[in-house]
Amino acid sequence: MAKSEGKLPSTGLGSERSEWFRGHFDAAQEVVDLCQSSGMDLAGKRIADIGCGDGIIDLGLVVKAKPAELVGYDLNEVDTSHLLAEAKAEEGIRELPAELSFVKSQPERIPANDDSFDVVVTWSAFEHVADPEALLRDIRRILKPGGVLFLQLWPFYNSEHGSHLWQWFPDGFAQFDHSDDEIASRIETDEATDPGWGAMMLSEYRALNRITLDDLGGAIERAGLRVSRLKLITNDCIIPASTAGTPLSALAIGGVQLLAVPA
Ligand SMILES: C[S@@+](CC[C@H](N)C(=O)[O-])C[C@H]1O[C@@H](n2cnc3c(N)ncnc32)[C@H](O)[C@@H]1O
């Protein structure tokens, strides 16, 4: 999630799980606020979340924004029993809301009808998507005329924590400072970390699409959408010599929240 609190996100494991739930449940408010301040009230709307992960943000959105329906799409199935157990423990929620459902998606095809959603949300997913432009075209397809895309991406690959490996490289820029072998070795020899978690994070690091803000802007435009609101996520950082040759804007722009509408 976004580092807007000036603090790195938790790992989502063990005792940090509660912090993970809170961070994601509360992230929904950032979606509500940006949409509302652009004149889009989410109440009563049909919302799709693309790359919904464990569904916590979606639950937060249903509770906070009262949409008519919210469908979370992901390549992986959402464990709704686990989501409910966490919702009970953290929020006292006894049943998942009837307005909330989850559907397994395909990499470039969202199983939804054309012109069927008022709002599409995507949070911390686009740096993981294999073909961002193809997915954006499909998002454009399922948006109703007059619909809105809310897209959050943090962190961009070239930025301080773009490797997503802050647990092992808290100083950042590991993707410039270290070879792939060095990164793998640091993770694999860390006895304090569950090996399954380490292997999953390494594999996610290797699969990052390395998209930049300008790549994303170009893909949005080619997909038939127009950016109508842009909020950069950035912070003060120390730039190592290993980044020489990389544009300063790519190093400095940590992430983005944006709204886009059909062009
Ligand atoms: C880092 S997780 C973020 C999950 C959630 N939005 C959150 O913030 O907790 C990225 C998610 O995007 C999903 N994903 C990647 N490519 C996708 C695609 N083409 N369509 C749908 N989901 C995708 C992954 O399966 C993963 O669950």
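The numbers here are math on the coordinates, done by the rules we state, and not lab data. Every value quoted in this text rests on a predicted model; they were computed, and no experiment measured them. For neighbour counting, all protein chains shown are included, and Cβ atoms are generated from backbone atoms with ideal geometry for every residue, glycine included.
Side notes on the structure shown:
- Over the chain, the fraction of Cα-Cα pairs per 5 Å bin, rounded to whole percents and listed from the shortest bin up, is 1, 6, 13, 17, 19, 17, 13, 8, 4, 1, 0.
- Global dimensions of segment 156-222 from alpha-carbon coordinates: Rg and Dmax equal 13.5, 46 Å.
- Under the simplified labelling scheme, the W197-A98 pair shows an inter-label distance of 3.9 nm, with each label point 7 Å from Cα along Cα→Cβ.
- Out of every Cα-Cα pair that segment 26-95 contains, those further apart than 16 angstrom amount to 48 percent.
- Entry note: segment 189-263 has Rg to Rh equal to 1.09, where both radii use alpha-carbon atoms and Rh is the Kirkwood radius.
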